[in-house]
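Heads up: the structure comes next, in structure tokens.
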Amino acid sequence: MTDRNLIEKAKQAVNNAYAPYSRFPIGAALECDDGSVFTGSKIENAALECTLCAERSALAAAVSAGHRSFKRIAIYAESGSYCFPCGTCRQVLWEFSPNIEVLCARVDGRYVSYPLTTLLPEPFSSQSMD
Ligand code: ZN
């Protein structure tokens with residue numbers, strides 16, 4: 001699957017986002033090591049801290065289906081700016097795949113790509129508790 005194919009799946013996932021409060025829907029597409037792809041959509045809540053980001057929504061679907069290792073995640077928002085994962089999503093992605101590639105796409109079709117290790121250079125990990 002190309003980067004563009006993965007981004008297109010993230011773009012389609014925006015349509016299922018539930019974002020009545022921010023009116024800023026986001027979609028994500030997570031590619032597993034075996035090539036399968038799970039999408040996720042932002043799910044907001046009136047109690048704003050209960051909101052689930054699209055990235056963690058996709059991860060929850062993939063992990064619930066038994067996957068534990070991931071190659072890439074594409075994140076798409078109908079925005080002129082790149083939408084990077086929040087700190088919580090960076091940490092949760094790192095738990096499973098520290099070397100995952102993060103693609104952030106914007107409405108004009110351009111995208112940037114970073115290894116998660118660049119976006120989260122010093123994660124909290126199981127070694128942190130040694
Ligand atoms: Zn997030």
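Quick one: count up the residues across segment 20-43 that are part of a loop (DSSP other than H, G, I, E, B), within 13 Å of the ligand (Cβ to nearest atom) and surrounded by fewer than 20 Cβ atoms within 10 Å (Cβ to Cβ).
First, pick out the residues of segment 20-43 that are part of a loop (DSSP other than H, G, I, E, B): 20-25, 33-36, 42.
Then keep just the ones that are within 13 Å of the ligand (Cβ to nearest atom); that gives 22, 24, 42.
Of the ones still in play, those that are also surrounded by fewer than 20 Cβ atoms within 10 Å (Cβ to Cβ) are 22, 24.
Looking only at that region, the number is 2.
With respect to ARG72, determine if the residue is touching a residue at least 60 places away in the same chain (Cβ under 8 Å) and closer than 17 Å to PHE38 by Cα. Full working, then the answer.
Details: touching a residue at least 60 places away in the same chain (Cβ under 8 Å): yes; closer than 17 Å to PHE38 by Cα: yes.
Criteria met by ARG72.
Please specify each residue of segment 56-82 satisfying the condition of being buried (at least 19 other Cβ atoms within 10 Å of the Cβ), within 15 Å of the ligand (Cβ to nearest atom) and not in a helix (DSSP H, G or I).
Matches in segment 56-82: ILE73, ALA74, ILE75, TYR76, ALA77.
Answer yes or no as to whether LEU52 is modelled with pLDDT under 95 and open to solvent by 30 Å² or more (accessible area, probe 1.4 Å).
Spelling it out, it is not the case that LEU52 is modelled with pLDDT under 95 and open to solvent by 30 Å² or more (accessible area, probe 1.4 Å).
Taking only segment 105-130 into account, find how many residues are assigned to a helix (DSSP H, G or I), surrounded by 15 or more Cβ atoms within 10 Å (Cβ to Cβ) and small (Gly, Ala, Ser).
Of the residues in segment 105-130, 0 are assigned to a helix (DSSP H, G or I), surrounded by 15 or more Cβ atoms within 10 Å (Cβ to Cβ) and small (Gly, Ala, Ser).
Residues being more than 16 Å from the ligand (Cβ to nearest atom) and either part of a strand (DSSP E or B) or surrounded by 14 or more Cβ atoms within 10 Å (Cβ to Cβ) (or both): count how many of those fall in segment 83-104. If you could, list the steps in order and put the result at the bottom.
Let us first name the residues in segment 83-104 that are more than 16 Å from the ligand (Cβ to nearest atom), namely 98-99, 101.
Within this subset, residues satisfying the condition of being either part of a strand (DSSP E or B) or surrounded by 14 or more Cβ atoms within 10 Å (Cβ to Cβ) (or both) are 101.
So the count comes out to 1.
The values are calculated or read from the model by the stated rules, or taken from the named source; none is laboratory data. Everything quoted here is computed from the prediction, not taken from an experiment. Cβ atoms come from the backbone with ideal geometry, glycine included; neighbour counts cover every protein chain shown. Heads up: the accessible areas ignore ligands, DNA and RNA and are worked out on the full protein's heavy atoms, side chains in. Shrake-Rupley method; radii C 1.70, N 1.55, O 1.52, S 1.80 Å.
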